[in-house]
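I have a structure here, written as structure tokens, and I will follow up with some questions on it.
Derivation of every value follows stated rules applied to the coordinates shown; laboratory data play no part. All of these numbers come straight from a predicted model, not from anything done at the bench. Heads up, the Cβs are rebuilt from the backbone with ideal geometry, glycines too, and the neighbour counts pull from every protein chain shown.
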Amino acid sequence: MGPLLGAVFVAEIGDIGRFTRPQQLAAWAGLTPKHHESDTTVHRGRITKQGSALVGWAAVEAVQRVSAHTRFGQVRDRVGERRGRNIGVVAAARELITLVFYGLRDHHIRCLPVRADAA
């Protein structure tokens, strides 16, 4: 991610204190799947695309062309093999939004925990 996309995130998100968790920021950016639940029936659908379209666009653009040896490239390719390239890109964009959340909140990027399925 370069300075232009970083500036888009900072300008569009504004006060990060509005969000208590990175999942809330991802939902606001429209990168989470729809979820409809009634009794024992659960339906999950396409991404919501609600909230800031510019933040969602910037996150997707940032992970589109990253190399396969980076964390985002590995997530994109692993999920993309199972579910399709576009779904893999959105999954990697959610990972990026998590790092953006912590970067804006803590003023530094910290390591995310290593997933058990990645090892």
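Please report Asp77, Asp106, Asp39 as a ranked list, fewest other C-beta atoms within 10 angstrom at the top and most at the bottom.
Result, fewest neighbours first: Asp39, Asp106, Asp77.
May I ask you to derive the relative contact order of the chain, considering only C-alpha pairs under 8 Å and at least 6 residues apart, and to give it as an integer percent?
24
How big is the C-alpha Rg of the chain next to the rule-of-thumb value 2.2 N^0.38 Å, as a ratio?
Rounded to two decimals, the normalised Rg is 1.07.
Further, regarding this structure: Please work out how much length the chain gains when fully extended from Thr48 to Lys34, using 0.36 nm per residue of separation minus the C-alpha to C-alpha distance, in nm with one decimal.
4.5 nm
Quick one: compute the contact order of segment 40-104, relative version, from alpha carbon pairs under 8 angstrom and 6+ residues apart, as a percent.
27
Also, quick follow-up: What residue among Val66, Val100, Val89 shows peak mean-square fluctuation when the chain is described by a Gaussian network model with Cα springs under 10 Å?
Answer for the Gaussian network model of the chain: Val66.
Pick out, in residue order, every one of the trypsin sites (Lys or Arg not before Pro) in segment 11-119 that is DSSP loop and has at most 15 other C-beta atoms within 10 Å; say none if there are none.
Within segment 11-119, the qualifying trypsin sites (Lys or Arg not before Pro) (loop, at most 15 other Cβ atoms within 10 Å) are Lys49, Arg65, Arg110, Arg115.
Which length gain, in nm to one decimal place, applies between Arg85 and Arg21 when the Cα-Cα distance is subtracted from 0.36 nm times their residue separation?
Contour length minus the Cα-Cα distance gives 20.4 nm.
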